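So the structure is just underneath, and the comments pick up after that.
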Amino acid sequence: MKESWQNLIDLVANPKATFTRLKSKPKCRIAFLVFCFLVVVLAWMVFPFTQRFINPRYASRLASIELFGSTRATSMVFVAVSGIILGVLCAVVFSTGLIVVSRVFKVNEALKFKHIFAAWWHAILINPVVFFINTAFIPVFKRVEDIETIVDIRVIPGMHMLMPSLESPFLLLFLSYVDILSIWNIFVLTVAVATLAEVSKAKACFTAVIIWLLRVGIDVVFQVASAS
């Protein structure tokens, strides 16, 4: 238990130490529970803003269901559960894909699915943390009335601010993920790949960028689809 919490602490302070331990003891239960907790908290925090652009079809369906005597609770549970399910699916699909790639390219044959799966749940924690930082600043810079599209809740300066005239919601939202904090995300992924796969930093960074692009792409499709 203590080692699992130390892995989370080192994820920020010394990510190499986290993934080195996971290489010998691939445990992810605590990381998964923390991920679920963050998703639930974020669903509650961002709800006043997301209800502004949620698909009316989904909204009407949720309005007919009450949990804990509240339709608002229903909507928040829906958002939280959807986020957790998406996280689990991504963990399984990406871990499977990466283990297949490692076998094809004969990279560290001692590497198994459980190692990548455990590393994934730790590395992916950067996503909700970044989203939490972004969400925390929404009330500072914007009012609920100012939120019209899903991109409007992206407060951290990103590439989307340089091209506000873009009409594609997919491209605009994707560009909003390209910010200073994305460097941190890619750095942690690079350390994870280099440590577990035992490859050069250049190859690890290239792989990390590909993983980041695919993961962000899934987030973008999921969010835009929910709002359209």
Fill in the blank from the handout: With a Förster distance of 25 angstrom and the Cβ-Cβ distance between LEU214 and SER165, calculated FRET efficiency to the nearest 0.05 equals 0.40
Practice task
Rounding to the nearest 20 debye, state how big the charge dipole of the chain is about its Cα centre with +1 on each Lys and Arg Cβ and -1 on each Asp and Glu Cβ.
Solution key: 880 debye
Practice task
Take the Cα radius of gyration of the chain and divide it by 2.2 N^0.38 Å, with N its residue count; two decimals is plenty.
Solution key: 1.07
Exercise for the section: Can you tell me the 0 to 90 degree angle between the C-alpha axis of helix 113-123 and the longest principal axis of the chain, rounded to 10? Expected result: 50 degrees
Problem - Residue among ARG154, ARG103, ARG215 with the largest mean-square fluctuation in a Gaussian network model of the chain, springs linking Cα atoms under 10 Å - result: ARG103
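Here, each number is a calculation from the coordinates, and none is a lab measurement. This is a predicted model, so every value here is computed, not measured. Neighbour counts run over all protein chains shown; Cβ positions are idealised from the backbone, glycine included.
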